[in-house]
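A quick write-up on the structure given underneath.
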Amino acid sequence: MTITFDGRNMQEHSRESFAPVLTRLNKKSGLKPTELVKASLLQREYIWRLEVGEKTHPTRRTVERLSHGLMTGPTPPTLWELVPLYLSAGLFPNFMDIRDLKEPE
């Protein structure tokens with residue numbers, strides 16, 4: 001069984017760099033940079049380094065903080081849309097159970 005997100009399988013998402021995924025989700029959320037800093041409890045410089053690809057392997061805690069911050073925006077991503085953020089960091093989201101994973105209808 002191949003599990004897909006947005007028409008791509010998990011391996012394709014895990015090969016995607018973290019920076020473009022974070023940038024895409026940040027734009028979608030509609031947060032200003034200072035709002036993401038406040039909501040995620042991360043330093044602005046660190047978030048910027050992640051967005052430009054200077055830092056490429058965030059910890060699970062960092063990804064969870066970013067996810068929480070992104071969810072506070074005016075147009076927050078769905079949990080399903082956050083999956084590529086985790087996969088691009090080499091992590092599996094702890095809010096999902098792989099046995100029950102299927103594409104939303």
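The values are calculated or read from the model by the stated rules, or taken from the named source; none is laboratory data. Predicted, not measured: the structure shown is a model, and the values here were computed from it. Note: ideal-geometry Cβ built from the backbone for every residue, glycine included; neighbour counts use all protein chains shown.
Looking at the structure I just gave you, is L41 modelled with pLDDT of 95 or more and surrounded by fewer than 13 Cβ atoms within 10 Å (Cβ to Cβ)? Criteria met by L41.
Only one entry of I3, I98, I47 meets the criterion of being among the β-branched types (V, I, T), modelled with pLDDT of 95 or more and more than 11 Å from the chain's Cα centre (by Cα), and that entry is I47. Residues in the range 54-96 that are of a type in the set (G, A, S) and either part of a loop (DSSP other than H, G, I, E, B) or surrounded by fewer than 14 Cβ atoms within 10 Å (Cβ to Cβ) (or both): G73, A89, G90.
What residue, of T56, T62, is among the hydroxyl-bearing types (S, T, Y) and modelled with pLDDT of 90 or more?
Exactly one residue qualifies, and that residue is T62.
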